[in-house]
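Structure record follows, encoded as structure tokens.
The values are calculated or read from the model by the stated rules, or taken from the named source; none is laboratory data. Keep in mind the model is a prediction, meaning the values are calculated, not measured. Reconstructed Cβ throughout: ideal geometry from the backbone, glycine too, with neighbour counts over all protein chains shown. These area figures cover heavy atoms from the full protein model, side chains too; ligands, DNA and RNA do not enter into them. Shrake-Rupley method; radii C 1.70, N 1.55, O 1.52, S 1.80 Å.
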Amino acid sequence: MMSLSITQIWLRSWIMSKEIDRASDHEMLIREQQIKAITDRQRGVSAFFCECCGKPIPENRRIASIGCTLCIDCQTVSELKSKHYRSV
């Protein structure tokens with residue numbers, strides 16, 4: 001059976017704590033970037049009428065999706081088209 005000296009045990013413990021610190025710092029950086037991406041996005045005024053079909057956009061949609069410019073039907077079609085034509 002191999003026995004470790006106090007120095008070896010301390011060194012392993014120190015290395016592990018540094019790895020945990022580095023992982024924690026990385027996680028914090030990722031979270032800060034995600035929060036910044038959400039808080040920095042532009043917020044516009046929602047349109048009252050759809051830019052595509054001209055139908056009125058319901059108030060509930062304008063409140064739920066601030067800055068929307070398309071009615072739910074046109075938005076769905078737009079998202080499906082962009083998903084379909086997205087390059088691989």
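For the chain, the number of Lys pairs with C-alpha atoms closer than 30 Å, counting only pairs eight or more positions apart or on separate chains, is 5. Near the amide H of residue 52, within less than 5 Å, lie the amide hydrogens of 71, all on another chain or at least 5 residues away, with H placed in the peptide plane.
For the chain, which span is the longest to avoid every loop-located (per DSSP) member of trypsin sites (Lys or Arg not before Pro) having at most 16 other Cβ atoms inside 10 Å?
So the longest stretch without any such site is 44-85.
Summarising the label geometry, the points placed 7 Å from Cα in the beta-carbon direction at residue 53 and residue 69 lie 1.8 nm from one another.
Calculated [222 nm] ellipticity per residue, helices only, for the chain: -21000 deg cm²/dmol; basis is -39500 (n - 2.57) per DSSP H run with n ≥ 4, divided by all residues, nearest 500. Using the 1.4 Å probe convention, the accessible area of the chain works out to 93 Å² per residue with neighbouring protein chains retained.
Given a 1.4 Å probe and every protein chain left where it sits, what share in percent of the accessible area of the chain is carbon and sulfur? Roughly 60 percent, rounded to a whole number.
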